[in-house]
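The values are calculated or read from the model by the stated rules, or taken from the named source; none is laboratory data. What you see is a predicted model; the values in this text were computed from it and never measured. Positions of Cβ are backbone-derived with ideal geometry, glycine not excepted, and every protein chain shown enters the neighbour counts. SASA here: full protein model, heavy atoms, side chains in, ligands and nucleic acids out. Shrake-Rupley method; radii C 1.70, N 1.55, O 1.52, S 1.80 Å.
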Amino acid sequence: MRITHLFVLLLVVSLSASLALPASAQDGGATYKAKCAACHGPNGEGKVGPALKGTSLTADQIVDLLTKGNDAKKAPHKKAISGVADADAKAVADFVKSLK
Ligand code: HEC
């Protein structure tokens, strides 16, 4: 009986912990798939856009590119990528850095 209660409590706590994060900020891989893969390839191997796996850019530089854009870059990176909030950008940048 006690153990069951403990289990239910743990379940509730872990569920609410995962609900506390905005869905968008959780999964850089999902955002990458939705927003980047069409141009950079599902595994960062490059397509219309250059390969991203093994990029020499730091995660912070990637966040900057996504949230601010860079006038020296070609479209779509002249401007911030729409629909990618700061927290998403960080998650996506970390995901990009994890591509091998
Ligand atoms: C419409 C196609 C397109 C989409 C969508 C796109 N990119 Fe790009 N990306 C490009 C192109 C083209 C370049 C090259 C720009 C240049 O060098 O001027 C580039 C360059 C980059 C670079 C710089 C690479 C380097 O080595 O300098 C990074 C990092 C990058 N993209 C990340 C992303 C991420 C992360 C996303 C998703 C949030 C994304 N891009 C979405 C086309 C795209």
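A search for C-beta distances below 8 Å between a residue of the range 55-81 that is free of Cβ contacts under 8 Å to residues at least 60 places away in the same chain and open to solvent by 90 Å² or more (accessible area, probe 1.4 Å) and any residue that is among the small types (Gly, Ala, Ser) and assigned to a loop (DSSP other than H, G, I, E, B), counting only pairs 6+ apart in sequence or on different chains, returns 68/80; 78/69; 79/69.
Scanning the range 59-79 for residues being of a type outside the set (Ser, Thr, Tyr) and within 17 Å of residue 97 (Cα to Cα) gives a total of 8. Of the helices (runs of 4 or more DSSP H) contained entirely in the chain, those carrying at least 3 residues that are modelled with pLDDT of 95 or more fall at 28-35, 37-40, 59-68, 86-98. Check 82, 56 and return the single one that is more than 23 Å from residue 100 (Cβ to Cβ) and more than 6 Å from the ligand (Cβ to nearest atom). 82 is the lone residue from the list that is more than 23 Å from residue 100 (Cβ to Cβ) and more than 6 Å from the ligand (Cβ to nearest atom). Of all residues in the range 82-95, exactly one satisfies the criterion of being in contact with a Phe, Trp or Tyr (Cβ under 7 Å, 6 or more places away or on another chain) and either among the aliphatic types (A, V, I, L, M) or surrounded by fewer than 15 Cβ atoms within 10 Å (Cβ to Cβ) (or both), namely 92.
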